[in-house]
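Below: the structure, in structure tokens.
The values are calculated or read from the model by the stated rules, or taken from the named source; none is laboratory data. Nothing here was measured: the structure is a model prediction, and the numbers come from that model. All Cβ positions, even for glycine, are placed from backbone atoms using ideal geometry, and neighbour counts span all protein chains on display.
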């Protein structure tokens, strides 16, 4: 049976995915790097995983349940290319003024990626901190005092025509863990594979010849 | 001839010569919208430069070196009507592949140019543009 923090982690993922409204994708922890072209525009990615836990001794008893202050880390990844009115700039009939205006309105990829990640955090924050999500769709009292504590943005990374940007936020909450003890592993049927040949006397194997 | 002057003149052979590494480049001035397609040194020649299509970078996640498609154009400063400045979004059209007759694609100068003023060239770091 899963511990409470695992149930909360899965529930956070589920709530984010249900309320993403096409703005982002939700995944579990992915240790391997993401390709920039996989997180472009609305394919930006949100990953949720359990980061750390504190078990204050004053909040529990020897037989449990024990108070568990959980911290979940939510990673966000977005990528954007430089965007602009390419058609006007490439149009041989465009006037110099029109070309200059189109160039002036050009949006650099790092700025767009930055804007995208800010917008993404906005969505995630609104979902996590919404009053109707304070239980993460779990029974009332299962999770308490959820709070988005921190937001941190990393340096942009150039990947061909895309700029990839990652950020993360920490979500803290409290729950209660039941201590059920180690349930062990139930053994299956035991198959004895010892070869037992009644006529095979060690040291006396050989070819029997007729008398 | 002064060695410095000679070195600058040699940039034609190293950067611009179409029989060597030179590939046609078009520079679009963000202030005026003017498009430079011919060399200021010799208006009968196309504006040309050396283009490296791929760049070697270090992946911050793994620490490994990797090749990314990020063109870098090196141009002879004396061939330019206006020298691109940092902070201004110049447009640059370069051939899609290292073939002078290939279709040209629009790129944008996002990063500050590397200005080799004393040596006589300027290096532009390009990002391909997507239609908005």
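Observations on the model:
- Candidates in segment A:94-106 are the residues that are within 41 Å of the chain's Cα centre (by Cα) and buried (at least 18 other Cβ atoms within 10 Å of the Cβ); of these, the one that is farthest from the other protein chains (Cβ to nearest Cβ) is A:102.
- Residue match in segment A:141-162 (condition: more than 9 Å from chain B (Cβ to nearest Cβ), crowded, with 19+ Cβ neighbours inside 10 Å and in a helix (DSSP H, G or I)): no
- Strands (runs of 3 or more DSSP E) fully within segment B:1-76 that include at least 1 residues being without any contact (Cβ under 8 Å) to a residue 24 or more places away in the chain and surrounded by 12 or more Cβ atoms within 10 Å (Cβ to Cβ): B:48-58, B:65-76.
- Residue satisfying condition, being over 27 Å from residue A:109 (Cα atoms), buried (at least 19 other Cβ atoms within 10 Å of the Cβ) and either in contact with a helix residue (DSSP H, G or I) (Cβ under 8 Å, 6 or more places away or on another chain) or away from every other protein chain (no Cβ under 14 Å) (or both), within set A:44, A:13: A:13
- Looking at segment A:28-137, the helices (runs of 4 or more DSSP H) lying wholly inside it that each contain 1 or more residues that are in contact with a strand residue (DSSP E or B) (Cβ under 7 Å, 6 or more places away or on another chain) and closer than 30 Å to residue A:4 by Cα sit at A:109-129.
- Any hit, segment A:13-31, residues being over 21 Å from residue A:127 (Cβ atoms) and modelled with pLDDT under 90: yes
- Residue among B:63, B:87 that is within 14 Å of residue A:108 (Cβ to Cβ), more than 9 Å from chain A (Cβ to nearest Cβ) and out of contact with any helix residue (DSSP H, G or I) (no Cβ under 6 Å at 6 or more places or on another chain): B:87
- Restricting B:10, B:31 to residues that are away from chain A (no Cβ under 14 Å) and either at pLDDT below 95 or touching a helix residue (DSSP H, G or I) at 6+ places or on another chain (Cβ under 8 Å) (or both) narrows the list to B:10.
- Residues that are in contact with a strand residue (DSSP E or B) (Cβ under 7 Å, 6 or more places away or on another chain) and in contact (Cβ under 8 Å) with a residue 24 or more places away in the chain within segment A:7-24 comprise A:8, A:9, A:12, A:13, A:16, A:20, A:24, listed in sequence order.
- Qualifying position, being more than 13 Å from the chain's Cα centre (by Cα) and either in contact (Cβ under 8 Å) with a residue 60 or more places away in the chain or closer than 26 Å to residue A:156 by Cα (or both), among A:53, A:63: A:63
- Boolean, residue A:136 is surrounded by 15 or more Cβ atoms within 10 Å (Cβ to Cβ), touching a residue at least 24 places away in the same chain (Cβ under 8 Å), touching a helix residue (DSSP H, G or I) at 6+ places or on another chain (Cβ under 7 Å) and more than 11 Å from every other protein chain (Cβ to nearest Cβ): yes
- Segment B:101-119, residues that are within 14 Å of another protein chain (Cβ to nearest Cβ) and part of a loop (DSSP other than H, G, I, E, B): B:103, B:110, B:111, B:112
- Residue tally, condition in contact with a helix residue (DSSP H, G or I) (Cβ under 9 Å, 6 or more places away or on another chain), assigned to a strand (DSSP E or B) and within 13 Å of residue B:49 (Cβ to Cβ), over segment B:120-132: 2
- Meets criteria (under 19 Å from residue A:100 (Cβ atoms), away from every other protein chain (no Cβ under 14 Å) and either surrounded by fewer than 21 Cβ atoms within 10 Å (Cβ to Cβ) or touching a residue at least 40 places away in the same chain (Cβ under 8 Å) (or both)) for residue B:80: yes
- When segment A:75-93 is limited to residues that are touching a residue at least 60 places away in the same chain (Cβ under 8 Å) and within 7 Å of chain B (Cβ to nearest Cβ), the one that is surrounded by the most Cβ atoms within 10 Å (Cβ to Cβ) turns out to be A:82.
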